[in-house]
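Below: the structure, in structure tokens.
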Amino acid sequence: MTTHTEAEIASQPDCWRMALALSTQALPSPGERVAVIGCGTSWFIAQAYATLREQAGHGETDAFPASETPLHRPYDRVLALTRSGTTTEVLDVLRRAKARPAAAAAPRTTAITADPDTPVTGLADEVVVLDFADEKSVVQTRFATTQLALLRAHLGEDLTQAITDAEHALTVPIPAELVAAEQLSFLGTGWTYGLAREAALKMREASRSWTEAYLAMEYRHGPISIAGPNRITWMLGTAPDGLRDQVEATGGTLLETTLDPMAELIRIQRLAVARAHAGGLDPDQPLHLTRSVILPA
């Protein structure tokens, strides 16, 4: 029987197309100084977007876990990423942004969420709703990538090839050696570092796998010591010169493709589900996790 997670992974190309048809007027304008916040997956997507926004020349952009957001800095806008719309730390940031003294010039607040009938709607100045990308699974897959597709399009990117790559990523077989691998390290550079961190998180959540994530150039400064036979180093994007030879010299395997990194993340999501099934786990209901972290007052 197909799990909710598998169905949600398969729907991503269609969700990305739907996101591209939405208005983006509520999103940060060029020149604004922006803080992007989230928790868990949303923080990693925030990291990817922050890098892309600066690379596109739209202005200074920082990404923070919501619990560590420095609102004393002079931001023009706070962009909150929250699938549930109920995460305690995110709501707290939005409340604090509204409560800043008038002399401090409170930043404009925008939220991207899957559920408009949640507290975030009443706290943010503007809300972008991706209800078509909401999920029944606790594990985030399509909401994470759909909001990033929306944000990339808002920066002026053409996602035609990314969508084609995503459709391809849904059809390629999952090699048995990846399902059986002892350990996986995900690498990124620039905006794909956030995706590498999300890839490792997805593998841990769905299948309780031993996974880590690093900046590609930093991997050689210590972490490569864990590479070896039956261990995978997975690059999102293009690997730095010489890294393949160094990984293979350990007996390990380096993976990289020419797919758009968001499409490559789909392959990793599928592997996480395959490893969950192989281990007798339910990817829809990862151990010790809930859809949203709601802390006591």
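I want to verify a result. In a Gaussian network model of the chain, Cα cutoff 10 Å, which of these has the top mean-square fluctuation: Thr164, Thr145, Thr41?
Sorting by GNM fluctuation, first place goes to Thr164.
Which far-off residues, 5 or more places away or on another chain, put their amide H under 5 Å from the one on Ala80, with H placed in the peptide plane?
Those qualifying (amide H under 5 Å, at least 5 residues apart or on another chain) are Ile37, Thr110, Ala111, Ile112.
Per residue, how much accessible surface does region 89-184 expose to a 1.4 Å probe? Answer in Å², no decimals.
41
Once amide H atoms are placed 1.01 Å from N in the peptide plane, what residues at a sequence separation of 5 or more from Ser209, or on another chain, have their amide H within under 5 Å of its amide H?
Excluding prolines and chain starts, which carry no amide H, the hits are Arg204.
Can you put Val120, Val129 in order of accessible area, largest first, using a 1.4 Å probe?
Val129, Val120
Taking every pair of alpha-carbon atoms in region 128-239, what share in percent sits in each 5 Å bin, from 0 to the bin with the longest distance?
Final binned percentages: 2, 10, 16, 21, 22, 15, 9, 4, 1, 0.
When the accessible area of the chain is computed with all protein chains present and a 1.4 Å probe, what percentage of it is carbon and sulfur?
Carbon and sulfur: 52 percent of the exposed surface of the chain.
Run the 1.4 Å probe and let me know the accessible area of Met235, rounded to the nearest 10 Å².
Counting only protein heavy atoms, Met235 exposes about 0 Å² to solvent.
Keeping all protein chains in position, work out how much accessible area Thr118 exposes to a 1.4 Å probe, and write it in Å² to the nearest 10.
It works out to around 20 Å².
So for each of 134-144, 182-192 I average, over its residues, the number of other beta carbons within 10 Å; can you give me the resulting order with the highest mean first?
Working: 134-144: 23.9, 182-192: 22.4.
Output ranking for 134-144, 182-192: 134-144, 182-192.
So what are the ³J(HN,Hα) numbers for region 282-287, from phi and the Karplus equation (6.51, -1.76, 1.60; θ = phi - 60°), rounded to whole Hz, Gly and Pro as x?
9, x, 6, 10, x, 4
Any chance you could list the semi-axes, whole Å, largest first, of the equivalent ellipsoid that the Cα gyration tensor gives for region 61-160, using √(5λ)?
24, 17, 12
Using 0.36 nm times the number of residues separating Asp117 and Asp92, minus their current alpha carbon distance, what extension gain do you get? It would help to have the intermediate numbers written out before the result.
Working: separation 25, 0.36 × 25 = 9.00 nm, distance 1.75 nm.
Working it through step by step, the gained length comes to 7.2 nm.
What percent do you get for the relative contact order of the chain when only Cα pairs under 8 Å and 6+ apart count?
Normalised by residue count, the contact order of the chain is 20 percent.
Give me a comma-separated list of calculated 3J(HN,Hα) values for region 187-193, in order, Karplus coefficients 6.51, -1.76, 1.60 applied at θ = phi - 60°, integers in Hz, x for any Gly or Pro.
Couplings: 10, x, 9, x, 5, 7, 5 Hz.
Return the sequence-ordered ³J(HN,Hα) values of region 141-153 in whole Hz as given by the Karplus equation 6.51 cos²θ - 1.76 cosθ + 1.60 applied to θ = phi - 60°, using x for Gly and Pro.
Listing the rounded values in order: 9, 6, 5, 4, 6, 5, 5, 5, 4, 4, 5, 5, 5 Hz.
From the helices alone, meaning DSSP H stretches of at least four residues, give me the mean residue ellipticity at 222 nm for the chain, per-run term -39500 (n - 2.57), in deg cm²/dmol to the nearest 500.
Values: 11 runs with 116 residues, N = 297.
Taken over the chain, the calculation gives -11500 deg cm²/dmol.
Full-extension gain between Asp282 and Leu295, please, as 0.36 nm times their residue separation minus the C-alpha to C-alpha distance.
Gain in length upon complete extension: 2.2 nm.
The values are calculated or read from the model by the stated rules, or taken from the named source; none is laboratory data. Since this is a predicted model, take the numbers as computed values, not measurements. FYI the Cβ positions are ideal-geometry reconstructions off the backbone, even for glycines, and counts take in every protein chain you see. Note: areas computed on protein heavy atoms with side chains; ligands, DNA, RNA excluded. Shrake-Rupley method; radii C 1.70, N 1.55, O 1.52, S 1.80 Å.
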